[in-house]
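Taken together, the values in this text are just the output of simple stated rules run on the coordinates, not laboratory data. Because the structure is predicted, anything quoted here is derived from the model rather than measured. No Cβ is skipped: glycine too gets one built from the backbone with ideal geometry, and neighbour counts run over all protein chains shown.
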Amino acid sequence: MGLRKDFLWGGATAANQLEGGYAEDGRGLANVDVIPIGEDRGPIRNGDRKHLDFDDEHFYPAKEGIDHYHRYKEDIALFGEMGFKTYRLSIAWSRIFPKGDEEEPNEAGLKFYEDLFQECHKHGIEPLVTITHFDCPIHLIKEYGGWRNRKTIDFYENLTRTLFTRYKGLVKYWLTFNEINVILHAPFMGAGLVFEEGENKKQVIYQAAHHELLASALATKIAHEVDPDIQVGCMLAAGKYYPETPNPRDVLAAQQADRRNYFFIDVQSRGEYPAYALKELEREGIEIPFEEGDKELLKEHTVDFISFSYYSNRVASGDPESKDQAEGNVIRSVKNPYLKASEWGWQIDPLGLRITMNDIYDRYQKPLFIVENGLGAVDHPDENGYVEDDYRIDYLASHIEAMKDAVELDGVDLMGYTTWGCIDLVSAGTGEMKKRYGFIYVDRDNYGNGTLDRTPKKSFDWYKKVIETNGKDL
Ligand code: BGP
């Protein structure tokens, strides 16, 4: 009993939130680069405002991130010191194909990740790589409209074939799209979508989603052809919906909200569009641009495992009266009166992790991988830069406890657990540095000031012990 002997403990990051070096070694501009900090962030992320270049009025945190591009060796050494078995990171598409539609890749970009993967292996760390984590070259958006255009599948195919071939033997675990369901809530960030005035957004979103789902299946096919040892996963911003009350109206609302979320994974894992989605889209006059061979591609190349992020479960109400809303990971929902919340209003629900794991495992019966979980908080370093982050330790310990229960008491097959933002990085939601998740403090403020020095926090030693004891000593 207990977690697998080869349980993959580690941490997770995303290229655009930590690398910096946005214009170095031939890298092109991406959607995530041009999402500024401040009040314009929301409308731009949502695709409601066209903003495809830098301007002097804004600060763009992704430009420099935490300078991981130049300091990755130091960072990976610290991960190694904690005993990480895996490190989840993402590729910046525009480092490999600066515009996205070139035939030949940029060697300097390929080399950067090759060196980084080798560095991981030097420390006994297995890379877990997200191919696109909210990342689309700007040129593809300007020229083709991002994922709304079916041609983007060809460019992604070229990207993935290049990656699988080049990194054969170096990377075993791949994820095709980070939080694929985020396309519903932040379509510019999720899929490079910018809306024209008056167009049917839902039509554009589901058309783009169809293209992403095909691209994901195609990548899975190519990965297995290039190297049968590769395992490919999908990635969901998870969080089960509780009905607000036992009123059947609320129960139905929760079921519908769950389905809207699971739709993507239903396709990626079961290989076909679920009946409930086809009915809803038909009712609303949304057309999915199926072409010959699409159904077979989806059916034949389903994912090997299901990965997901978990920050909190959600609440649905069938009552049309508006309710108190809680903030959350991209998605807001009705406030749960039984839960406390983080400084950013995200509700904290460790038991919900067990509930979500059971729900996903019941639904798909494939191995699960928790690839994001953590507490965004303001840290207060002492004069030596040391942070006593007991609040973070408490959060993580209670979630790991619930995760172990799902494995040991409920029988869920779990491959691993990577905490979000294992080193402080830029927040995807707010663009801030002060919202920190890391075991390692980075001296950097919201507007790019600070030495960028790295200092392990109290949680660093705690997590090291957790890994050493395979989750026994919390
Ligand atoms: C997920 C993203 C991450 C990450 C995390 C925390 O949605 O996959 O990129 O940022 O949430 O969110 P935030 O940075 O808004 O606190």
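Yes or no, residue by residue, for (1) aromatic (Phe, Trp, Tyr); (2) outside any helix (DSSP H, G or I):
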{"site": "95", "(1), (2)": "no, no"}
{"site": "100", "(1), (2)": "no, yes"}
{"site": "117", "(1), (2)": "yes, no"}
{"site": "120", "(1), (2)": "no, no"}
{"site": "127", "(1), (2)": "no, yes"}
{"site": "131", "(1), (2)": "no, yes"}
{"site": "142", "(1), (2)": "no, no"}
{"site": "154", "(1), (2)": "no, no"}
{"site": "157", "(1), (2)": "no, no"}
Across segment 326-342, what is the total count of residues that are in contact (Cβ under 8 Å) with a residue 60 or more places away in the chain and either within 11 Å of the ligand (Cβ to nearest atom) or in a loop (DSSP other than H, G, I, E, B) (or both)? 5
Among residues belonging to segment 289-315 that are away from the ligand (no atom under 16 Å from the Cβ) and buried (at least 20 other Cβ atoms within 10 Å of the Cβ), point out the one that is nearest to residue 369 (Cα to Cα). 305
Which residue is surrounded by the most Cβ atoms within 10 Å (Cβ to Cβ), if the candidates are limited to segment 344-375 and must be in contact (Cβ under 8 Å) with a residue 60 or more places away in the chain and within 13 Å of the ligand (Cβ to nearest atom)? 371
When both residues are 6+ apart or on different chains and their Cβ atoms are under 9 Å apart, which pairs have a first residue that lies in segment 224-239 and is in a helix (DSSP H, G or I), and a second that is among the aliphatic types (A, V, I, L, M) and crowded, with 16+ Cβ neighbours inside 10 Å? 224/230; 224/232
Of the candidates 194, 226, 232, the one satisfying the condition of being of a type outside the set (Phe, Trp, Tyr) and more than 30 Å from residue 417 (Cβ to Cβ) is 194
Residue satisfying condition, being surrounded by fewer than 19 Cβ atoms within 10 Å (Cβ to Cβ) and of a type in the set (A, V, I, L, M, F, W, C), within set 467, 440, 423: 467
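Residues checked against (1) touching a residue at least 60 places away in the same chain (Cβ under 8 Å); (2) away from the ligand (no atom under 12 Å from the Cβ); (3) of a type in the set (Val, Ile, Thr):
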{"residue": "385", "(1), (2), (3)": "yes, yes, no"}
{"residue": "401", "(1), (2), (3)": "yes, yes, no"}
{"residue": "410", "(1), (2), (3)": "no, yes, no"}
{"residue": "419", "(1), (2), (3)": "yes, no, yes"}
{"residue": "432", "(1), (2), (3)": "yes, no, no"}
Selected residue (criterion: surrounded by the fewest Cβ atoms within 10 Å (Cβ to Cβ)) from residues of segment 254-281 that are among the small types (Gly, Ala, Ser) and under 29 Å from residue 320 (Cβ atoms): 275
